[in-house]
Amino acid sequence: AVAHAAAAAGCAQETSAGTAAVHFAAAAGQAATCSLLAALGADVDKETAGGFTALHIAASGNQSACIHALARMRAKVDYQDSRHYAGPLHWAARGGHIDAVKALLEEGATLELRDRAGNTPLMWAAKHGNTRVVRPPPHPCPRRTAPHHTAPRRTAPQRSAAVVWRGP
């Protein structure tokens, strides 16, 4: 009981930059440690002085196992940082971190979440040249093989790109 109380008290300790043990664990990819710290009472949505939660840090470092662990411990997958008002998916897309993007989408992150300037994660990926996390959705209709003059005239459907993970 004493060891548990001491460990729980340690979860609340932080550096002068507001970085706590759960932030360090997320940065290092230590999913089991993230889970343990959360179980001991660490605030998984606590921001560092820079405005980042453990989930932002895990997303920025492509730590997909930590993303899943933190989400299981009820970390908010769409938590918007106080500096840019950006979610973890913005940071994963910006860095071109395909595994983190996939993990966040699996955990329910919102593709259309907008930052302070109105930019989506897709826009962050494009702005930083990370086209490998961007793929257009599949065409909604199969191509017709009929000659052009006999095929009914249709306007092309609007296609928009989406942040996704790299497929095979």
Rounded to the nearest 10 Å², the accessible area of Glu112 using a 1.4 Å probe with every protein chain kept is 120 Å²
Contour minus Cα-Cα span, Thr131 to Ala65, at 0.36 nm per residue, comes to 21.4 nm
Expected vector for the range 59-73, Karplus 3J(HN,Hα) from phi with 6.51, -1.76, 1.60 and θ = phi - 60°, integer Hz, x for Gly and Pro, equals 5, 5, x, 6, 9, 5, 5, 5, 4, 5, 4, 5, 5, 5, 8
By the mean-Cβ-within-10 Å protection proxy, highest first, 65-75, 101-111 rank as 65-75, 101-111
Two pseudo-spin positions, 7 Å from Cα along C-beta at Ala32 and at Asp99, lie apart in nanometres by 1.7 nm
Here the gain from full extension of Lys76 to Arg116, 0.36 nm per residue of separation minus their alpha-carbon distance, amounts to 12.6 nm
Ranking His84, His97, His23 from most to least accessible area with a 1.4 Å probe gives His84, His97, His23
With every protein chain kept in place and a 1.4 Å probe, the residues Phe24, Phe52 fall, from largest accessible area down, as Phe24, Phe52
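The values are calculated or read from the model by the stated rules, or taken from the named source; none is laboratory data. None of the values given here were measured: they were computed from a predicted structure. In this analysis, Cβ positions are derived from the backbone assuming ideal geometry, glycine residues included, and neighbour counts consider all displayed protein chains. SASA here: full protein model, heavy atoms, side chains in, ligands and nucleic acids out. Shrake-Rupley method; radii C 1.70, N 1.55, O 1.52, S 1.80 Å.
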